[in-house]
Amino acid sequence: MADGRVPILMYHSVATDPNDATRALSVSPRAFAEQMEVLAEQRLTPVTTAELAACWRTGRPLPPRPVLVTFDDGYEGVHRHALPVLAEHGFPATLFVSTGWLRGPYDTGGGLDTMLDWDQVRDLADAGVEIGGHSHSHPQLDQLGDRALRSELILCKEIVSDQLGRAPASFAYPYGYSSRRVREAVRETGYAQALAVGNGLARRAQGPYALRRVTVRRSTTTAEFERLVQGRAIGRTFARDRALTKGYAVVRRARQARRAVARALN
């Protein structure tokens with residue numbers, strides 16, 4: 001966009017028949033294909049998270065009308081349904097994996113639906129999808145103590161590095177929750193940039209560890225999707241989400257304060 005704002009789309013599951021746990025944040029394969037067609041028709045240029053951050057860090061110009069397609073958690077439908085559509089258009093994307101949710105040697109059984117296995121993750125990486133970190137067990141990171149927080153970040157990074165042969169450069173906060181302490185830990189772990197949610201367009205001024213995304217849901221219509229990628233009516237679209245987020249932020253700060261007092265007394 002001319003004002004330097006960039007839409008970062010946040011997807012989760014792409015599934016014909018998702019389960020109850022993932023339904024609201026899933027999209028159907030048909031809807032995903034239609035949404036990628038919208039990007040093509042509007043001549044938007046998808047880039048990866050690492051590419052966006054590198055351009056903003058160095059001052060290198062972005063391609064015309066940049067947009068990011070990102071997926072959280074690691075659902076199997078990203079490989080089955082999304083990858084063929086991305087390949088058809090030649091679109092890159094970023095997948096943020098919760099390493100303890102993926103099928104394979106590190107599976108903790110916490111995945112909410114059918115998850116990717118590591119062969120599928122490697123297929124995605126070979127096809128040009130950036131693989132980023134999303135913690136190991138998908139906790140609310142800002143509610144963890146320092147030791148557990150760093151364990152989540154380091155274990156995720158080490159597993160991705162071991163499985164793919166290269167360390168993940170980008171991170172996405174589970175549930176979108178972070179704090180100054182969490183962002184500093186992410187930076188110290190070696191991630192170069194991180195995405196939140198916020199349901200707003202990303203701007204360089206947000207800094208590399210608090211870039212905002214907009215949520216794409218099963219209820220997102222084609223007309224609404226077009227407005228999102230054009231940066232129109234975002235405040236109205238996500239007004240309820242923002243009100244709920246503000247209310248919950250008060251609750252979360254109170255919990256953190258109680259935990260800090262408890263740690264100080266022990």
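The values are calculated or read from the model by the stated rules, or taken from the named source; none is laboratory data. Keep in mind it's a predicted model, so treat the numbers as computed, not measured. No Cβ is skipped: glycine too gets one built from the backbone with ideal geometry, and neighbour counts run over all protein chains shown. Surface accessibility is based on the protein's heavy atoms, side chains included, excluding ligands, DNA and RNA. Shrake-Rupley method; radii C 1.70, N 1.55, O 1.52, S 1.80 Å.
Quick one: would you say residue 231 is modelled with pLDDT of 70 or more and at positive phi? Before the answer, list the steps.
Values: modelled with pLDDT of 70 or more: yes; at positive phi: yes.
For residue 231, the condition - modelled with pLDDT of 70 or more and at positive phi - is met.
Applying the selection to region 165-195, what residues are within 17 Å of residue 73 (Cβ to Cβ) and in a helix (DSSP H, G or I)?
Answer for region 165-195, where residues must be within 17 Å of residue 73 (Cβ to Cβ) and in a helix (DSSP H, G or I): 174, 175, 176.
Report, ordered by the first and then the second residue, all pairs with beta carbons closer than 6 Å, sequence separation of six or more or different chains, a first member in region 5-21 that is in contact (Cβ under 8 Å) with a residue 24 or more places away in the chain, and a second member that is among the basic types (Lys, Arg).
5/203; 8/213; 10/213
Just to be sure, is residue 173 under 19 Å from the mean Cα position of the chain (by Cα) and not acidic (Asp, Glu)? Show your work before the answer.
Details: under 19 Å from the mean Cα position of the chain (by Cα): yes; not acidic (Asp, Glu): yes.
In short, yes.
Considering only residues that are open to solvent by 60 Å² or more (accessible area, probe 1.4 Å) and touching a residue at least 24 places away in the same chain (Cβ under 8 Å), which ones fall in region 209-221? Steps first, please.
Just the residues of region 209-221 that are open to solvent by 60 Å² or more (accessible area, probe 1.4 Å), to begin with: 212, 217-219, 221.
Across region 209-221, the qualifying residues are 212, 217, 218, 219.
For (1) under 15 Å from the mean Cα position of the chain (by Cα); (2) open to solvent by 50 Å² or more (accessible area, probe 1.4 Å); (3) at negative phi, each residue gets a yes or a no:
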position	(1), (2), (3)
29	no, no, yes
34	no, yes, yes
39	no, no, yes
43	no, yes, no
60	no, yes, yes
64	no, yes, yes
68	yes, no, yes
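Checking residue 248 against (1) in a helix (DSSP H, G or I); (2) in contact with an Asp or Glu (Cβ under 9 Å, 6 or more places away or on another chain); (3) modelled with pLDDT under 95, which single condition isn't satisfied?
All conditions are met except number (2).
Quick one: which of 162, 142 is open to solvent by 50 Å² or more (accessible area, probe 1.4 Å), more than 16 Å from the chain's Cα centre (by Cα), of a type outside the set (Phe, Trp, Tyr) and over 17 Å from residue 48 (Cα atoms)?
Values: 142 fails: open to solvent by 50 Å² or more (accessible area, probe 1.4 Å).
Just a single option satisfies the conditions, and that option is 162.
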